[in-house]
1. Would you mention how many residues in segment 1-52 are buried (at least 16 other Cβ atoms within 10 Å of the Cβ), of a type outside the set (A, V, I, L, M) and closer than 16 Å to Ala95 by Cβ?
2. Scan segment 1-14 residue by residue and report those that are touching a residue at least 12 places away in the same chain (Cβ under 8 Å) and farther than 13 Å from Gly41 by Cβ.
3. If I filter segment 53-63 for residues that are out of contact with any Asp or Glu (no Cβ under 7 Å at 6 or more places or on another chain), small (Gly, Ala, Ser) and surrounded by 15 or more Cβ atoms within 10 Å (Cβ to Cβ), do I get at least one hit?
4. Identify the residue in segment 71-97 that is in contact with a strand residue (DSSP E or B) (Cβ under 7 Å, 6 or more places away or on another chain) and in a loop (DSSP other than H, G, I, E, B) and, among all such residues, is modelled with the lowest pLDDT.
5. Does Leu75 fit the bill of being more than 14 Å from Val87 (Cβ to Cβ) and surrounded by 13 or more Cβ atoms within 10 Å (Cβ to Cβ)?
6. Just to be sure I understand, how many residues within segment 15-70 are outside any strand (DSSP E or B) and either within 14 Å of the chain's Cα centre (by Cα) or not charged (D, E, K, R) (or both)?
Amino acid sequence: MASSKSYLDFILNQLSELENITYRAMMGEYIIYYNEKIIGGIYDDRLLVKPIRSALAYMKNIEYKKPYDGAKEMLMVDDVDDEQYLVGLFKAMYAELKKSNLKKKI
């Protein structure tokens, strides 16, 4: 099942306080970037983020999900309605993430 553009728009709206949030469509899903660092993505209308220490420490509920068959597990963000929680999560994760090798501006 592919993710809907309306769910992507909802998540982007929730993150509107942050600058430089971009995305890339990929096989019906969306990879989410924060200042050119991959933070996670939207898969089957679920926001999943990388399972890094800062995310594990910040998140209230830890639930691992695979974005697709054969993929590594990621953390499912279940509190997407809380704008400040999402912004705080992205800020908490940023320093631990490596810069993407993204060659073109999205």
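The values are calculated or read from the model by the stated rules, or taken from the named source; none is laboratory data. Quantities reported herein were computed from a predicted structural model and do not represent experimental measurements. Please note: Cβ atoms are built from the backbone with ideal geometry, for glycine as well, and neighbour counts cover all protein chains shown.
1. 5
2. Of everything in segment 1-14, those that are touching a residue at least 12 places away in the same chain (Cβ under 8 Å) and farther than 13 Å from Gly41 by Cβ turn out to be Met1, Ser4, Phe10, Gln14.
3. Looking through segment 53-63, at least one residue is out of contact with any Asp or Glu (no Cβ under 7 Å at 6 or more places or on another chain), small (Gly, Ala, Ser) and surrounded by 15 or more Cβ atoms within 10 Å (Cβ to Cβ).
4. Within segment 71-97, the match that is modelled with the lowest pLDDT is Leu97.
5. Answer is yes for this residue.
6. Count: 25.
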